[in-house]
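Peer 1: Take this structure, written in structure tokens, and hold onto it; I'll ask about it next.
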Amino acid sequence: MDILKIAVLSGKGGTGKTTIAASLAKVIPGSAYVDCDVEEPNGFLFLNPDLENNEQVLVPVPEVDADLCTGCGDCVRICQFNALALVRGQVIVFPELCHHCGACALVCKPMAITEEDRSIGTISWSADASFFQGKLNIGEPAGIPIIRLLKKTVEGQPSIKTAILDCSPGASCAVVNSLEGSDYALIVTEPTPFGLHDLKIAVDLVKQMKIRAGVIINKSGERDEIIEDYCSQADVSVLLKVPYLRKVAEEYARGILPVETNENLAVALTDMYTNIRREVKS
């Protein structure tokens, strides 16, 4: 095992997923925080990285040679995302809808379609390889190519011992791609009916992907029982409870992570990480 990959996810937004992911990266030596929420990355607000390295993420999109195109419409019919349209015998390309599968070029008998690179966003990382993030350009439909390049770049860094992957909320394709190849999944939830509902979706996802997982209850309080009862039934361990404190919320609003002022939480996260590493190695 070269890099231990721990994915942090949540069934819904607002549970404290980024708080946990950034806090883990803060207390674990030799770790890298990887913001896979490419539609709205926000880990930089708390970790304040110096992003010296930047790379454009390029994807192939079709370009039609009007002189070679016969207007047969095969490319339009094969496209599952309506990125091509046939209007008065001419093929029109909508690059923002393209999912870069290459099917249109494969079925084009007159070979009128070639593929040109187009930027959909960027990845950035710090000089010490402790922070990575991807950012999808406004208006683009899918950031999966960004997530893949982000993870590939992380894997190429020899100094990283542990990668903390901060996934986007929910159980979308972006989350699946972020989770893929992870050694462990930390599911952050809150003790509310909405939190329980979406926790079930996240647990089902990691089980289908056969990834070891544990649950963190954020904003812990009197209603923890609804989460604990479900976790007991689903055979998923509750690894940590983070209490609901006004002071934590106030500091978070100023960009201060709870581990920076709460030594007990820093120790608890470190111990949890040690146990996860031991479990993955066993």
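Peer 1: Please give me the summed charge of the neighbours of Cys231: other residues whose Cβ is under 15 Å from its Cβ, Lys and Arg +1, Asp and Glu -1.
Peer 2: Local charge sum for Cys231: -3.
Peer 1: Here's another thing I want to ask about it. Among 29-36, 245-252, how do they line up from the highest to the lowest mean number of other beta-carbon atoms within 10 Å?
Peer 2: 29-36, 245-252
Peer 1: So how far apart, in nm, are the two label points at Glu222 and Ile92 if each is 7 Å from Cα heading toward Cβ?
Peer 2: About 6.0 nm separates the two model spin labels.
Peer 1: Going down the table (Lys135/Lys281; Lys26/Lys210; Lys109/Lys152; Lys151/Lys207), which pairs top 24 Å between alpha carbons?
Peer 2: Among Lys135/Lys281; Lys26/Lys210; Lys109/Lys152; Lys151/Lys207, the Cα-Cα distance tops 24 Å for Lys135/Lys281; Lys26/Lys210; Lys109/Lys152.
Peer 1: Further question: Assign one of three labels to region 94-235, namely rounded, prolate or oblate, based on the Cα gyration tensor with a ≥ b ≥ c the square roots of its eigenvalues; rounded applies when a/c is under 1.5, prolate when it is not and a/b is larger than b/c, and oblate otherwise.
Peer 2: Note, shape of region 94-235 comes out prolate.
Peer 1: Going by C-beta contacts inside 10 Å, put Cys173, Cys231, Cys98 in order with the fewest on the left.
Peer 2: Cys173, Cys231, Cys98
Peer 1: First select every other residue whose beta carbon is under 14 angstrom from the beta carbon of Lys152; then total the charges, Lys and Arg +1, Asp and Glu -1.
Peer 2: Spelling it out: positives minus negatives among the neighbours equals -1.
Peer 1: Between Asn137 and Gln157, with labels modelled 7 Å along Cα→Cβ, what's the label distance in nm to one decimal, could you check?
Peer 2: Here the modelled spin labels are 2.5 nm apart.
Peer 1: Take the chain, connect every pair of alpha-carbon atoms lying under 10 Å apart with a spring to form a Gaussian network, then pick out the residue of Gln208, Gln133, Gln56 with the largest mean-square fluctuation.
Peer 2: So, out of Gln208, Gln133, Gln56, the one fluctuating most is Gln208.
Peer 1: To continue, here is another question. Sorting Asp198, Asp224, Asp235 on the 10 Å Cβ count, fewest up front, what's the list?
Peer 2: Asp235, Asp224, Asp198
Peer 1: Sticking with this one: Within 11 Å, Cβ to Cβ, of Ser126, how many net charges do the neighbouring residues add up to if Lys/Arg are +1 and Asp/Glu are -1?
Peer 2: Net of charged neighbours comes to -3.
Peer 1: Contour minus end-to-end for Glu251 and Val267, with contour as 0.36 nm per residue of separation and end-to-end as the Cα-Cα distance?
Peer 2: 3.9 nm
Peer 1: What percentages, rounded to whole numbers, describe P(r) for region 60-119 computed over all alpha carbon pairs with 10 Å bin width beginning at zero?
Peer 2: With 10 Å bins starting at 0, P(r) equals 26, 62, 12.
Just so you know, all these numbers are worked out from the coordinates, no wet-lab data involved. On a predicted model such as this, the values are computed, not experimentally measured, just so you know. Every residue, glycine among them, receives a Cβ derived from its backbone with ideal geometry; neighbour counts consider all protein chains shown.
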